[in-house]
Amino acid sequence: MKKTLFYIFLCGLSLLALSACKKEAGKGKGNEPAVSTMKGIFYTEAIGAEETLQLMPGKSRTVELKVRAQEGAVSDITVKASLKIDPDALDAYNASQADGPAELLPSSAYSFVSNDMMLARYNTASTSAKVRITAAGLEDNTLYVLPLTIDKVEGTDNWELAPNSVSYITVIQTNVGPEGGDGSMEYPYQLRTAADIKAMKDKLSAEEKVYFKMMNDIDMASVDDWTPLNFNSPYDLAIDFDGGGYTIDNFHITDFGTYPSFFGVLNGYCHDVTFTNAVIVCGADSGCGILGGYGGTGDKHADVARVHVQGKVTMTGNKTGIGGMFGCAGNATIEASSADVEVYSLKNYVGGLVGYSKKVQIANCWVSGIIRGDQRVGGIIGGINGDGDSVVNSYCTAQMWSYKKDENGDPTDEVEFAAVRSVGGIVGHANQDKGDQVDTRMPGNVVSGCIAWQDLIKTRTYISGENNWDNANFYSSGAIVAFGATHNTYENCYRRADLDFRDYCDAFLLYDQENSSAAAPLMIQKIEGSNYNYPYHGKAAPVGATLTQVAQSLGWSTSIWNFSGDVPTIRKDAQVGPVPDVTTDGQLPGFGENEL
């Protein structure tokens, strides 16, 4: 018994010692300050400010700041740090320079966006702070210096400054645009190589829109480790990407978990660029497309104009929403653009341009290639889930079928159709996926002036011969819209005159339908035993008419479309709606201060 009590006593002493060690290592008791047994030796770092910032008058740049621990001198407790300006360090800077003295950056030219950094125990780098530098109150071509040092460290007294603890940011105000650009509207970063494209991500900022412009065609075949530019929430890296009319060839991303694509989430404006031979493979549970997993989302808006994508997009994961350009478009305008793509998914909502949309306007676009999915497949949009979305003056020629391949990968005579059910030449679903409210729901979507120019639209469950009513009660397919609310606006849409169309059984055939709206709902030929038969087929185009002739009869604009061939194409100088943008001083580009 005494021996047992002795062992209990020893265990108690061990626990007390362990508790004391933990307390000394920074746990503290109640409100007592933590005690550190390891002295932290700290210095500051300005990320990406190795070169002098060249700013036009009134323009700004935001610099990321960190506190770092000297190697071998980390703290064993978590501390909080902040920075300050050290005017006395200017003399030390000037003494180290051979090119003449610099001046201290005036207080009018900088402000801390954030100045609280956490440095976790045993870590060498803190979280980030930011300082915004603005060319305000500066003299042209004068070198200014902003010396930054640590102001205070909270959480411990066991620390000191490193010998070289000051970080210097140098600034020059200039009226000459920097070589290679500075990311401003007037002087966008210039892109000439695949390395320039890869470097874009490090130049993006959550504080302001950053501008890029291609200066020549760029081949990205060598880039096997692409990371989408803006794939992390809150998707606040705004961008203006000007392709300059050039081409990005061989862009590919085949092993990335979140929105595998070029942008990830496009927040901003992409225009005047062509992607060729693009390959996107998504095995994760994430939407994908060549441009983005999302085009806009929430209050982040995306504008796309004169963009053409060509390539292959394949979804093998467990996620709805895949398209040639965007998997999903959550807040976007897409104009005068096209997708010549092969799109395939094992899931729902598959579209030649967009998998599914919400708050999206599409105008003057075309799609070709091959589009296949499980269900809710559309030539342009797989499914419209928003209020007031629209597809206007656009066409699709894409095959919504392909030949099944044998074990050697060679095509056979057996045809695999676009989907099990709900295939639309232009849109798959247009009812916000509310199957039981088709006659009452008013989503206000518009499909106008569109042309479905496929030669074949069938579903996999099509059975020739006698009617098979076991297959009749599914969501319908349609030449223009597969399944939609009768109170949507459908007007002036045409299908190919010789379109071969079958939906589930021989009872579902094509017929012409008049224009419709909320005030004059769409008239449907009812089929007994089918509760989800709400297609919009438009009208058959005149026999023998070309696609160009049908488009011209609809009044499509010659300022956007080239009608020189049997199939219309987008003009390189196609006119699109204005894209609002302002400079950092609140001015619209191209206007003087008194001209607004």
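Listed values, structure above:
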{"read-out": "Cβ-Cβ under 9 Å pairs, at least 6 apart or on other chains, segment 170-195 side farther than 17 Å from I133 by Cβ and in the same structural domain as A89 (by TED's automatic domain parsing), far side polar (S, T, N, Q) and assigned to a helix (DSSP H, G or I)", "value": "none"}
{"read-out": "Selection within segment 549-596 - within 20 Å of C270 (Cβ to Cβ), modelled with pLDDT of 50 or more and in a loop (DSSP other than H, G, I, E, B)", "value": "I560, R571, K572, D573, A574, Q575, V576, G577, P578, V579, P580, D581"}
{"read-out": "Failed condition for F256, given (1) within 15 Å of the chain's Cα centre (by Cα); (2) farther than 26 Å from D374 by Cβ", "value": "(2)"}
{"read-out": "Every pair of residues 6+ apart whose Cβ atoms lie under 8 Å, when the first sits in segment 379-407 and is in the same structural domain as A430 (by TED's automatic domain parsing) while the second is assigned to a loop (DSSP other than H, G, I, E, B) and basic (K, R)", "value": "I384/K358; N385/K358; G386/K358; G386/K359; D387/K359; G388/K359; D389/K358; D389/K359"}
{"read-out": "Filtered residues of segment 540-579 (kept if of a type in the set (S, T, N, Q) and out of contact with any strand residue (DSSP E or B) (no Cβ under 8 Å at 6 or more places or on another chain))", "value": "T546, T548, Q549, Q552, S553, S557, T558, S559, S564, Q575"}
{"read-out": "Count of residues meeting criterion [among the polar types (S, T, N, Q) and within 21 Å of V447 (Cα to Cα)] in segment 308-347", "value": "4"}
{"read-out": "Selection within segment 336-354 - within 19 Å of D389 (Cα to Cα) and part of a strand (DSSP E or B)", "value": "S338, V350, G351, V354"}
{"read-out": "Candidate set from segment 373-396 (those that are buried (at least 24 other Cβ atoms within 10 Å of the Cβ) and among the charged types (D, E, K, R)); member that is nearest to F483 (Cα to Cα)", "value": "R376"}
{"read-out": "Number of the condition not met by G295 [criteria: (1) at pLDDT 95 or above; (2) under 18 Å from G369 (Cβ atoms)]", "value": "(2)"}
{"read-out": "A206 outside the structural domain of E51 (by TED's automatic domain parsing), more than 18 Å from G296 (Cα to Cα) and of a type in the set (A, V, I, L, M, F, W, C)", "value": "no"}
{"read-out": "Residue in segment 214-233 that is touching a helix residue (DSSP H, G or I) at 6+ places or on another chain (Cβ under 8 Å), among the charged types (D, E, K, R) and closer than 24 Å to D340 by Cβ present", "value": "yes"}
{"read-out": "Qualifying residues in segment 540-563 (those that are touching a residue at least 12 places away in the same chain (Cβ under 8 Å) and hydroxyl-bearing (S, T, Y)) - the one nearest to D512 (Cα to Cα)", "value": "T546"}
{"read-out": "Of all residues in segment 433-458 being touching a residue at least 60 places away in the same chain (Cβ under 8 Å), part of a loop (DSSP other than H, G, I, E, B) and touching a strand residue (DSSP E or B) at 6+ places or on another chain (Cβ under 7 Å), the one that is surrounded by the fewest Cβ atoms within 10 Å (Cβ to Cβ)", "value": "G449"}
{"read-out": "Test set (1) over 24 Å from D387 (Cβ atoms); (2) modelled with pLDDT of 95 or more; (3) β-branched (V, I, T) - I527 fails condition number", "value": "(2)"}
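This table checks each residue for (1) farther than 22 Å from P87 by Cβ; (2) out of contact with any strand residue (DSSP E or B) (no Cβ under 9 Å at 6 or more places or on another chain); (3) polar (S, T, N, Q).
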{"site": "I133", "(1), (2), (3)": "no, no, no"}
{"site": "E139", "(1), (2), (3)": "no, no, no"}
{"site": "T170", "(1), (2), (3)": "no, no, yes"}
{"site": "P178", "(1), (2), (3)": "yes, no, no"}
{"site": "F212", "(1), (2), (3)": "yes, no, no"}
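The values are calculated or read from the model by the stated rules, or taken from the named source; none is laboratory data. Nothing here was measured: the structure is a model prediction, and the numbers come from that model. No Cβ is skipped: glycine too gets one built from the backbone with ideal geometry, and neighbour counts run over all protein chains shown.
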